[in-house]
Amino acid sequence: MKPNIYETLQTQILEGKLQPGDRLKEEELAVRFGISRTPVREALRRLEMRGLITHEPYRGVVVARLEPSAVSELYVMRETLDRAAAALAAQHASETEIAAMERQIARDRKFTAKPDALAASNRAFHQAIYRAAHNRFLVKSADALAEALALLGPTTLAIADRGNQSVAEHAAIVTAIKARDSDAASTAASTHIRAAFAARLQQMDEDIIALSGSSATAKTKKPRKS
(Lines give C-alpha, C1' and ligand atoms only; values in the text may rest on other atoms or scores of the structure.)
Protein backbone atom coordinates (compact mmCIF):
# COMPACT_ATOMS: atom_id res chain seq x y z
CA MET A 1 0.00 0.00 0.00
CA LYS A 2 1.41 3.36 -1.09
CA PRO A 3 1.91 5.91 1.71
CA ASN A 4 -0.26 9.03 1.72
CA ILE A 5 2.38 11.61 0.87
CA TYR A 6 0.20 14.57 1.87
CA GLU A 7 -0.49 13.20 5.36
CA THR A 8 3.11 12.09 5.79
CA LEU A 9 4.57 15.49 4.90
CA GLN A 10 1.97 17.30 7.00
CA THR A 11 2.83 15.15 10.02
CA GLN A 12 6.56 15.69 9.51
CA ILE A 13 6.04 19.45 9.44
CA LEU A 14 3.78 19.44 12.52
CA GLU A 15 6.23 17.27 14.46
CA GLY A 16 9.20 19.42 13.48
CA LYS A 17 10.92 16.74 11.42
CA LEU A 18 10.69 19.19 8.52
CA GLN A 19 11.74 22.67 9.60
CA PRO A 20 10.87 26.10 8.14
CA GLY A 21 13.11 26.71 5.16
CA ASP A 22 13.66 23.03 4.36
CA ARG A 23 13.41 22.37 0.61
CA LEU A 24 10.91 19.94 -0.88
CA LYS A 25 11.83 18.76 -4.36
CA GLU A 26 9.22 16.98 -6.46
CA GLU A 27 11.63 14.55 -8.05
CA GLU A 28 13.29 13.58 -4.77
CA LEU A 29 9.94 13.08 -3.04
CA ALA A 30 8.67 10.92 -5.91
CA VAL A 31 11.73 8.66 -5.61
CA ARG A 32 11.54 8.56 -1.84
CA PHE A 33 7.86 7.54 -1.78
CA GLY A 34 8.05 5.35 -4.88
CA ILE A 35 5.30 7.22 -6.71
CA SER A 36 4.95 9.39 -9.80
CA ARG A 37 5.38 13.15 -9.64
CA THR A 38 1.64 13.80 -10.16
CA PRO A 39 0.52 12.83 -6.62
CA VAL A 40 3.58 14.63 -5.24
CA ARG A 41 2.55 17.78 -7.06
CA GLU A 42 -1.01 17.45 -5.72
CA ALA A 43 0.25 16.95 -2.16
CA LEU A 44 2.44 20.03 -2.39
CA ARG A 45 -0.48 22.03 -3.78
CA ARG A 46 -2.64 21.05 -0.80
CA LEU A 47 0.13 21.87 1.67
CA GLU A 48 0.58 25.27 0.04
CA MET A 49 -3.16 25.96 0.34
CA ARG A 50 -2.89 25.30 4.09
CA GLY A 51 0.05 27.70 4.34
CA LEU A 52 2.52 25.00 5.34
CA ILE A 53 4.79 25.41 2.32
CA THR A 54 5.63 28.25 -0.02
CA HIS A 55 7.82 29.14 -3.01
CA GLU A 56 11.02 31.10 -2.42
CA PRO A 57 13.04 32.77 -5.19
CA TYR A 58 16.03 30.67 -6.32
CA ARG A 59 15.13 27.89 -3.85
CA GLY A 60 11.79 26.56 -5.00
CA VAL A 61 9.32 24.88 -2.66
CA VAL A 62 10.20 25.16 1.03
CA VAL A 63 8.48 24.70 4.36
CA ALA A 64 6.94 28.09 5.18
CA ARG A 65 8.37 30.52 7.71
CA LEU A 66 6.35 32.88 9.90
CA GLU A 67 6.84 36.62 9.60
CA PRO A 68 8.03 38.26 12.88
CA SER A 69 4.69 40.07 13.23
CA ALA A 70 2.84 36.77 12.82
CA VAL A 71 4.96 35.22 15.58
CA SER A 72 3.84 37.95 17.99
CA GLU A 73 0.20 37.53 17.00
CA LEU A 74 0.47 33.76 17.40
CA TYR A 75 1.74 33.99 20.96
CA VAL A 76 -1.04 36.43 21.86
CA MET A 77 -3.61 33.87 20.74
CA ARG A 78 -1.71 31.01 22.35
CA GLU A 79 -1.70 32.80 25.70
CA THR A 80 -5.42 33.54 25.43
CA LEU A 81 -6.31 29.94 24.65
CA ASP A 82 -3.92 28.40 27.18
CA ARG A 83 -5.25 30.63 29.95
CA ALA A 84 -8.79 29.50 29.17
CA ALA A 85 -7.77 25.84 28.92
CA ALA A 86 -5.95 25.88 32.27
CA ALA A 87 -8.84 27.64 34.02
CA LEU A 88 -11.37 25.16 32.65
CA ALA A 89 -9.12 22.22 33.47
CA ALA A 90 -9.06 23.40 37.10
CA GLN A 91 -12.83 23.07 37.08
CA HIS A 92 -13.33 19.92 35.01
CA ALA A 93 -10.17 17.76 34.97
CA SER A 94 -10.62 14.29 36.41
CA GLU A 95 -8.29 12.96 39.08
CA THR A 96 -7.00 10.50 36.50
CA GLU A 97 -6.14 13.31 34.07
CA ILE A 98 -4.36 15.29 36.78
CA ALA A 99 -2.36 12.25 37.86
CA ALA A 100 -1.30 11.68 34.24
CA MET A 101 -0.07 15.29 33.99
CA GLU A 102 1.93 14.86 37.19
CA ARG A 103 3.55 11.69 35.85
CA GLN A 104 4.44 13.46 32.63
CA ILE A 105 6.15 16.29 34.51
CA ALA A 106 8.15 13.73 36.47
CA ARG A 107 9.27 12.15 33.19
CA ASP A 108 10.04 15.52 31.63
CA ARG A 109 12.53 16.33 34.37
CA LYS A 110 14.67 13.59 32.84
CA PHE A 111 14.50 15.21 29.38
CA THR A 112 15.70 18.73 30.21
CA ALA A 113 19.04 18.09 28.49
CA LYS A 114 17.29 16.61 25.43
CA PRO A 115 15.50 19.53 23.71
CA ASP A 116 13.89 17.52 20.90
CA ALA A 117 12.48 14.88 23.24
CA LEU A 118 11.27 17.56 25.64
CA ALA A 119 9.66 19.49 22.77
CA ALA A 120 7.63 16.44 21.76
CA SER A 121 6.57 15.90 25.36
CA ASN A 122 5.76 19.60 25.66
CA ARG A 123 3.26 19.33 22.82
CA ALA A 124 1.66 16.32 24.50
CA PHE A 125 1.44 18.19 27.81
CA HIS A 126 -0.45 21.12 26.31
CA GLN A 127 -2.78 18.75 24.47
CA ALA A 128 -3.50 17.04 27.80
CA ILE A 129 -4.54 20.35 29.38
CA TYR A 130 -6.89 21.09 26.50
CA ARG A 131 -8.46 17.65 26.80
CA ALA A 132 -8.81 18.14 30.55
CA ALA A 133 -10.70 21.39 29.92
CA HIS A 134 -13.52 19.29 28.43
CA ASN A 135 -14.56 21.95 25.94
CA ARG A 136 -14.71 20.80 22.33
CA PHE A 137 -14.74 24.33 20.91
CA LEU A 138 -11.59 25.27 22.78
CA VAL A 139 -9.90 22.14 21.44
CA LYS A 140 -10.91 23.08 17.88
CA SER A 141 -9.45 26.55 18.36
CA ALA A 142 -6.18 25.04 19.60
CA ASP A 143 -6.07 22.67 16.64
CA ALA A 144 -6.38 25.66 14.31
CA LEU A 145 -3.17 27.10 15.81
CA ALA A 146 -1.25 23.82 15.67
CA GLU A 147 -0.05 24.24 12.09
CA ALA A 148 1.11 27.81 12.71
CA LEU A 149 3.00 26.70 15.83
CA ALA A 150 4.85 24.13 13.71
CA LEU A 151 6.20 26.96 11.54
CA LEU A 152 7.96 28.69 14.43
CA GLY A 153 11.16 26.79 13.73
CA PRO A 154 13.58 24.97 16.06
CA THR A 155 12.49 24.52 19.66
CA THR A 156 13.50 27.20 22.17
CA LEU A 157 14.03 24.44 24.74
CA ALA A 158 17.62 24.22 23.48
CA ILE A 159 18.32 27.62 25.07
CA ALA A 160 20.39 27.27 28.24
CA ASP A 161 18.21 26.28 31.22
CA ARG A 162 14.97 26.87 29.29
CA GLY A 163 14.12 23.18 29.60
CA ASN A 164 14.25 23.29 33.39
CA GLN A 165 12.27 26.53 33.48
CA SER A 166 9.60 25.15 31.18
CA VAL A 167 9.09 22.00 33.26
CA ALA A 168 8.84 24.13 36.43
CA GLU A 169 6.23 26.33 34.72
CA HIS A 170 4.26 23.24 33.71
CA ALA A 171 4.40 22.00 37.29
CA ALA A 172 2.95 25.30 38.53
CA ILE A 173 0.02 24.95 36.12
CA VAL A 174 -0.72 21.41 37.27
CA THR A 175 -0.43 22.40 40.95
CA ALA A 176 -3.09 25.07 40.41
CA ILE A 177 -5.30 22.68 38.44
CA LYS A 178 -5.04 20.08 41.22
CA ALA A 179 -5.98 22.74 43.77
CA ARG A 180 -9.06 23.56 41.63
CA ASP A 181 -7.89 27.19 41.53
CA SER A 182 -8.94 28.52 38.13
CA ASP A 183 -7.40 31.97 38.63
CA ALA A 184 -4.03 30.54 39.66
CA ALA A 185 -4.09 28.03 36.78
CA SER A 186 -4.86 30.81 34.30
CA THR A 187 -2.07 33.00 35.70
CA ALA A 188 0.44 30.12 35.63
CA ALA A 189 -0.45 29.37 32.01
CA SER A 190 0.02 33.03 31.10
CA THR A 191 3.42 33.13 32.85
CA HIS A 192 4.49 30.04 30.92
CA ILE A 193 3.50 31.33 27.48
CA ARG A 194 5.06 34.74 28.10
CA ALA A 195 8.31 33.05 29.11
CA ALA A 196 8.11 30.89 25.98
CA PHE A 197 7.58 34.03 23.86
CA ALA A 198 10.57 35.76 25.48
CA ALA A 199 12.69 32.70 24.68
CA ARG A 200 11.45 32.75 21.08
CA LEU A 201 12.38 36.43 20.70
CA GLN A 202 15.83 35.67 22.13
CA GLN A 203 16.27 32.86 19.63
CA MET A 204 15.14 35.07 16.73
CA ASP A 205 17.58 37.82 17.78
CA GLU A 206 20.45 35.32 17.99
CA ASP A 207 19.57 33.99 14.53
CA ILE A 208 19.66 37.52 13.09
CA ILE A 209 23.04 38.23 14.72
CA ALA A 210 24.44 34.92 13.45
CA LEU A 211 23.18 35.62 9.94
CA SER A 212 24.67 39.14 9.99
CA GLY A 213 27.99 37.73 11.13
CA SER A 214 28.00 35.16 8.33
CA SER A 215 27.22 37.82 5.74
CA ALA A 216 29.99 40.09 7.02
CA THR A 217 32.49 37.23 6.93
CA ALA A 218 31.52 36.36 3.37
CA LYS A 219 31.99 39.97 2.23
CA THR A 220 35.44 40.34 3.81
CA LYS A 221 36.75 36.98 2.66
CA LYS A 222 39.41 37.49 -0.02
CA PRO A 223 38.95 35.63 -3.29
CA ARG A 224 41.44 32.89 -4.00
CA LYS A 225 43.98 33.51 -6.73
CA SER A 226 43.75 31.22 -9.73
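The values are calculated or read from the model by the stated rules, or taken from the named source; none is laboratory data. For clarity, every value in this text was computed on a predicted model and none was experimentally measured. Note: ideal-geometry Cβ built from the backbone for every residue, glycine included; neighbour counts use all protein chains shown. Quick note on the areas: whole protein, heavy atoms, side chains included, nothing else; ligands and nucleic acids left out. Shrake-Rupley method; radii C 1.70, N 1.55, O 1.52, S 1.80 Å.
Okay, here's what the table says:
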item	result
Tyr58 paired with Ala144, simple spin-label distance in nm, labels 7 Å along Cα-to-beta-carbon	3.8 nm
Solvent-accessible surface ranking, highest first, for Thr11, Thr175 at 1.4 angstrom	Thr175, Thr11
Degrees between helix 95-108 axis and first principal axis of the chain (Cα, 0 to 90, nearest 10)	50 degrees
Label point distance in nm, Thr96-Ala172, each placed 7 Å from Cα along Cα→Cβ	3.1 nm
Cross-link reach list, aspartates and glutamates versus Lys17, counting only Cα pairs under 12 Å and skipping chain neighbours closer than eight places	Asp116
With all protein chains modelled, accessible area of Leu66 [1.4 Å, Å²]	50 Å²
Spacing of the two label points (7 Å from each Cα toward its C-beta) at Ala179 and Leu14, in nm	3.5 nm
Qualifying GluC sites (Glu not before Pro) in the stretch 63-146, DSSP loop, other Cβ atoms within 10 Å at most 12	none
Accessible area in the full protein assembly, largest first, 1.4 Å probe, for Met204, Met101	Met204, Met101
Cross-link partners of Lys114 among aspartates and glutamates (Cα-Cα below 20 Å; sequence separation of 8 or more within a chain)	Glu15, Glu102, Asp161, Glu169
Rounded to whole Hz, the Karplus (6.51, -1.76, 1.60) HN-Hα couplings of the stretch 179-186, x for glycine and proline	7, 6, 9, 4, 5, 5, 5, 4
Percentage relative contact order, the chain, counting C-alpha pairs under 8 Å, at least six apart	25 percent
Residue among Ala144, Ala84, Ala158 with the largest mean-square fluctuation in a Gaussian network model of the chain, springs linking Cα atoms under 10 Å	Ala144
Fluctuation leader among Ala146, Ala70, Ala210 - the chain, Gaussian network, Cα springs under 10 angstrom	Ala210
